[in-house]
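Each remark here refers to the structure printed beneath this line.
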Amino acid sequence: MSKINVYLRFRPVFHKPDEEPEDSCIRSADNSTIEMINLRNTQETVSYKFQQVFGENSSQEEVFGTALQPLLSHFTDDVQNVSVFAYGPTGSGKTFTILGSDETPGFIPRTLRHLFARTRKNCSSSNITATFSMSYIEIYQENVHDLLDDRKKLFSLRQDNCGNILIPGITEIKVENFNDFEKYFVPASHQRRMAKTSLNERSSRSHTILIVKERKAPFLRKTAKLSIVDLAGSEDNRQTGNRGLRLKESSAINTSLHVLGKVVVALNKNNQHRVPYRDSKLTRLLQDSLGGSSHTCMVVNLSPEMSSIFDTQRALNFATKSMTIINRPFTRVEVAEFTPSNEKDETETVNRKHKSTAPILSPSMLEEAKKLKLPVERFVDIENVKPEDAAIKAHKQVPQKVLIESIRNSANIFKGLEQTPKKITSNDISVNDDISVPPKMTPSKQSQVFTVQHNNKQFTFKFKT
């Protein structure tokens, strides 16, 4: 289990050249405590304690090194999901924390440089290969846009049978180094909707999420995603002076942030049966970060001016509630195909020799297939094939329970079955497990063939009534 790490950051007091600077409503008491003026009695202060408080003189390197960098080992080494997002009122410095500038880069450039450097070091000393891909999305007025695609197409959200939230059709670009990443990210970031308001020269009019996926191979393929979220700030339209389109944008931003607050409250009440993730596209995409399977850190940015004291109080209350949310990270493992590239021709020779789409299985695997009660048409016994054949070499490097899972999954996704058994991962299955599969089929289908690819061969299963 992993709790959300919450960090506070406040910027210097801003003021116009011809105006006196405002008094500050907050101050840092120590490295982990912040004090705010009590709204009921301005002679008193209220204290809030977090993982760490970064004052107005804190550097980008300090914030990244303390808040996000320790979590990145979970992504690169453990191959588990990691999320970070910046929260706070408009004009508090969220986009500066996430993006930074050329002179003082923020979370995104620092993170990608760190990932490529660490992965290059780890993979050079092992046979494991790691690949990265990126997607960059924008949520504008409750519509999902692809910032890597300029066709202005709208996307919908879907959920797979494992509970993962997907965006079908979203652009996913493979990146091999930081220059690759920068080539796609910089033009995409210019497409984000920004506008001027009374409080901010460049106010974000949408939420953005950069998703970086990592895949490790061979044998067991591990996958994880890193989400870096730059939230648009909550806005008081009396202060921002929003009208027309700006007012409509502000309404959409505030509504989604309100739903985000409701999700945090529901998770604090341990109300797992009714957490309103579906009430907003933002919370739907952050489902994995809040109460899901991700290591999460939140940087709450604050505006210190007295005129922003109500926004500051709301942000501090939100941050306090978020600290108690518990996530449950884990590593996702899939069955990976294995084919020695330098023995490809030999493998094809073996395939032609048998002229069969049936799998090559050992006698113990044949017994396991009988235990599964699958009426399989035909198997090729591994003992009847020469041991020097490349395909057999590949087969011997794959655990038997991985092949068992292939048979098991064929029953899971076979549409002819009237009921689907509970999905079991390879970690749950041992060679001696006696797993029964319902043999019934719908009357309209007399037989169906299902094939699964492994070691450049097709495993063919034929189900009959």
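The values are calculated or read from the model by the stated rules, or taken from the named source; none is laboratory data. Nothing here was measured: the structure is a model prediction, and the numbers come from that model. Cβ coordinates were reconstructed from backbone atoms using ideal geometry, including for glycine residues, and neighbour counts include every protein chain displayed. Surface areas here come from the heavy atoms of the whole protein model, side chains and all, with no ligands, DNA or RNA. Shrake-Rupley method; radii C 1.70, N 1.55, O 1.52, S 1.80 Å.
Just to be sure I understand, how many residues within the stretch 146-186 are touching a Phe, Trp or Tyr at 6+ places or on another chain (Cβ under 9 Å) and polar (S, T, N, Q)?
Matching residues across the stretch 146-186 total 2.
Could you tell me whether the stretch 175-185 includes any residue that is more than 21 Å from Phe132 (Cβ to Cβ) and either in contact (Cβ under 8 Å) with a residue 40 or more places away in the chain or touching a helix residue (DSSP H, G or I) at 6+ places or on another chain (Cβ under 6 Å) (or both)?
No - not one qualifying residue is present in the stretch 175-185.
Taking the conditions exactly as written (modelled with pLDDT of 90 or more, of a type in the set (Lys, Arg), open to solvent by 50 Å² or more (accessible area, probe 1.4 Å) and not in a helix (DSSP H, G or I)), does Lys213 satisfy them or not?
Spelling it out, Lys213 is indeed modelled with pLDDT of 90 or more, of a type in the set (Lys, Arg), open to solvent by 50 Å² or more (accessible area, probe 1.4 Å) and not in a helix (DSSP H, G or I).
If a residue must be in contact (Cβ under 8 Å) with a residue 60 or more places away in the chain, closer than 17 Å to Glu214 by Cβ and not hydroxyl-bearing (Ser, Thr, Tyr), how many such residues does the stretch 133-174 contain?
So the answer is 2.
When you go through (1) open to solvent by less than 40 Å² (accessible area, probe 1.4 Å); (2) closer than 28 Å to Lys3 by Cβ one by one for Asn164, which number turns out not to apply?
All conditions pass for Asn164, except number (1).
Mind counting the residues in the stretch 101-112 that are among the hydroxyl-bearing types (Ser, Thr, Tyr) and either part of a loop (DSSP other than H, G, I, E, B) or open to solvent by 80 Å² or more (accessible area, probe 1.4 Å) (or both)?
2
Mind checking which residues of the stretch 113-160 are open to solvent by 20 Å² or more (accessible area, probe 1.4 Å), under 25 Å from Arg192 (Cα atoms) and assigned to a helix (DSSP H, G or I)?
The answer is Arg113, His114.
For the stretch 213-255, how many residues are within 17 Å of Ser203 (Cβ to Cβ), charged (D, E, K, R) and in contact with a Lys or Arg (Cβ under 7 Å, 6 or more places away or on another chain)?
Summing the residues that are within 17 Å of Ser203 (Cβ to Cβ), charged (D, E, K, R) and in contact with a Lys or Arg (Cβ under 7 Å, 6 or more places away or on another chain) in the stretch 213-255 gives 2.
Filter the stretch 225-276 down to the residues that are touching a Gly at 6+ places or on another chain (Cβ under 7 Å) and open to solvent by 10 Å² or more (accessible area, probe 1.4 Å) and list them by number.
Leu267, Val275, listed by residue number.
Please work out which one of (1) assigned to a helix (DSSP H, G or I); (2) open to solvent by 20 Å² or more (accessible area, probe 1.4 Å); (3) touching a residue at least 12 places away in the same chain (Cβ under 8 Å) is the condition Phe75 fails and give its number.
Tallying (1) assigned to a helix (DSSP H, G or I); (2) open to solvent by 20 Å² or more (accessible area, probe 1.4 Å); (3) touching a residue at least 12 places away in the same chain (Cβ under 8 Å), Phe75 fails exactly one: (2).
Can you name the residue in the stretch 28-42 that is more than 27 Å from Leu99 (Cβ to Cβ) and assigned to a strand (DSSP E or B) and is also least open to solvent (accessible area, probe 1.4 Å) among such residues?
Ranking the candidates gives Met36 first.
Under 9 Å between Cβ atoms, which residue pairs at least 6 apart in sequence (or on different chains) link something in the stretch 260-285 that is more than 23 Å from Ser206 (Cα to Cα) with a partner that is at pLDDT below 90 and among the basic types (Lys, Arg)?
Ala266/Arg274
For the structure I just gave you, tell me whether Glu22 is open to solvent by 60 Å² or more (accessible area, probe 1.4 Å) and in contact with a helix residue (DSSP H, G or I) (Cβ under 7 Å, 6 or more places away or on another chain).
For Glu22, the condition - open to solvent by 60 Å² or more (accessible area, probe 1.4 Å) and in contact with a helix residue (DSSP H, G or I) (Cβ under 7 Å, 6 or more places away or on another chain) - is met.
Say we look at the stretch 180-210 and pick out the residues that are touching a strand residue (DSSP E or B) at 6+ places or on another chain (Cβ under 6 Å) and assigned to a helix (DSSP H, G or I); which of these is nearest to Ser280 (Cα to Cα)?
Ala188
Taking the condition of being under 18 Å from the mean Cα position of the chain (by Cα) and farther than 27 Å from Ser135 by Cα, how many residues in the stretch 210-268 meet it?
Qualifying residue count for the region: 0.
Could you tell me which residue of the stretch 43-56 is most open to solvent (accessible area, probe 1.4 Å), considering only residues that are more than 15 Å from Thr312 (Cα to Cα) and free of Cβ contacts under 8 Å to residues at least 40 places away in the same chain?
Among them, the one singled out is Gln43.
In the stretch 290-306, is there at least one residue being farther than 30 Å from Val13 by Cβ, in contact (Cβ under 8 Å) with a residue 40 or more places away in the chain and part of a helix (DSSP H, G or I)?
no
Got at least one residue in the stretch 277-286 being open to solvent by 20 Å² or more (accessible area, probe 1.4 Å), over 27 Å from Thr111 (Cα atoms) and of a type in the set (A, V, I, L, M, F, W, C)?
There is no residue in the stretch 277-286 that is open to solvent by 20 Å² or more (accessible area, probe 1.4 Å), over 27 Å from Thr111 (Cα atoms) and of a type in the set (A, V, I, L, M, F, W, C).
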